[in-house]
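See below for the structure under consideration.
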Amino acid sequence: MTTIFYVDPELVIALNRRVIFVNPNDLQIFKEILLPEDLTQCGLKEGTNEDAEQDGEKPQKPNHAKEQPTIQHVKMSPNRQLAAVTTSGQKAVLLYSLRPEHAKLVSVRPLARASSAVTFSSDSKRLLVCDKTGDCYEYSCVNFEAAPKILLGHLSIVYDVLWSADEKYIVTCDRDDKIRVTNYPETAEIHTYCLGHKEFVAGMVFLNDNTLLSVSGDKTLKVWNYKEGKELKSVELPAPGIKLALKCLDVNKYELSVLLHQPNECVIQYQITGGEGESGQFEFNAGDVLSFPDVICCNLAYAGDRLYVVGVVNDHLTIRLSPASPDAPENWLSVMEEQFKEYHWTPEDISAWFKKKFDNVSEYLERKKRRIEEKQK
């Protein structure tokens, strides 16, 4: 899995076993993380977690030392002092202390199963890790010896998780169309659900303290008052939505980019206005479609005025930019791609997320084949 996000002034890109923190303006690499080849040599304990069993939690499964760890997710704490890295292979959650010059590994703890989503609390003292069976665990970022606590669970894989700024709510979305708002710290109490999607909910982002955006495999983007579980607006997408990135332009004005599950024209951008006053209505423009031919796009993030899109070409990581920057250093994207040239990468098959198999890529290739055959006649 590839990760990209921006925390001023660093653009963070991760793939396989490497994470780089780079200045997108002058290509200076502030710091980097290279995962150890064997986490058991760094303190990863194999076997079950006895403390978790005593607390009635699910035991940790043994990790296999022969498997090299590979990155699943990367997240930076709100105070920018910590980076959390979850891994597959040797399943673990790693915490790195971020210094101006380097990143230091300070904690390695086992995961029961591979992670599916992670987030920090707003005070940076706790980390929430969701796994592929729907369980969500809380890890202390202060006491590294404390056993993880299971906070809540879904009956299917959780694709995204958010923690409200006031830490009163944990918002999760899953493959079963649901957005769930859970009270914190009394996580046995479900505050509300945001229901209305007809397919998996792939990603979410807070628009403000009361408003949530979500994208789904049902080709819709929805706006919610998540505290009331009320749908405020629904926007039709050209294709299923799988990722989203938000940029604030001004008071009550935003730019939103949605990554679509289709080839070539795989990103659509919206201008969002409104939300103020008693009506709280939001207006979306018609949407501008961005095309990235021959790239299997997998993730996206804003950094300043630029939108970065990460994808795959010939099994290697590639980075695209919108809008193009004529004042940028020559071949500057190639310099960042060079950091990951040793890693061959096959992206996850998103079609497996659908209740019914969805494969518009094969349909597209078949149409292209027919056009070529017609030209040759």
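The values are calculated or read from the model by the stated rules, or taken from the named source; none is laboratory data. Everything numeric here is computed off the predicted structure, so don't read it as measured data. Cβ: placed from backbone, ideal geometry, glycine included. Neighbour counts: every protein chain shown. For the accessible areas, the whole protein counts, side chains as well, though only heavy atoms, and no ligand, DNA or RNA atoms are used. Shrake-Rupley method; radii C 1.70, N 1.55, O 1.52, S 1.80 Å.
Here are the numbers for this structure:
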| read-out | value |
| --- | --- |
| Condition check for Trp332: among the aromatic types (Phe, Trp, Tyr), surrounded by 11 or more Cβ atoms within 10 Å (Cβ to Cβ) and modelled with pLDDT under 90 | yes |
| Subset of the stretch 26-64 [in a loop (DSSP other than H, G, I, E, B), modelled with pLDDT under 85 and open to solvent by less than 40 Å² (accessible area, probe 1.4 Å)] | Leu27, Gly47, Asn49, Glu57, Gln60, Asn63 |
| Top-ranked residue of the stretch 127-153 - restricted to ones that are within 18 Å of the chain's Cα centre (by Cα) and over 20 Å from Lys45 (Cβ atoms), ranked as surrounded by the most Cβ atoms within 10 Å (Cβ to Cβ) | Cys130 |
| Positions within the stretch 89-105 being part of a strand (DSSP E or B) and surrounded by fewer than 19 Cβ atoms within 10 Å (Cβ to Cβ), in sequence order | Ser97, Lys104, Leu105 |
| Residues located in the stretch 281-298, provided they are of a type outside the set (Phe, Trp, Tyr), in contact (Cβ under 8 Å) with a residue 40 or more places away in the chain and more than 14 Å from Gln269 (Cα to Cα) | Gln281, Ile296, Cys298 |
| Selected residue (criterion: modelled with the lowest pLDDT) from residues of the stretch 304-327 that are hydrophobic (A, V, I, L, M, F, W, C) and open to solvent by 20 Å² or more (accessible area, probe 1.4 Å) | Ala324 |
| Per-region count, the stretch 178-213, residues modelled with pLDDT under 95 and among the small types (Gly, Ala, Ser) | 1 |
| Count of residues meeting criterion [in a strand (DSSP E or B) and in contact (Cβ under 8 Å) with a residue 12 or more places away in the chain] in the stretch 250-277 | 16 |
| Criterion violated by Ala239 - all others in (1) open to solvent by less than 10 Å² (accessible area, probe 1.4 Å); (2) more than 22 Å from the chain's Cα centre (by Cα) satisfied | (2) |
| Among the candidates Val201, Val108, Val171, residue that is closer than 25 Å to Pro69 by Cβ and crowded, with 21+ Cβ neighbours inside 10 Å | Val108 |
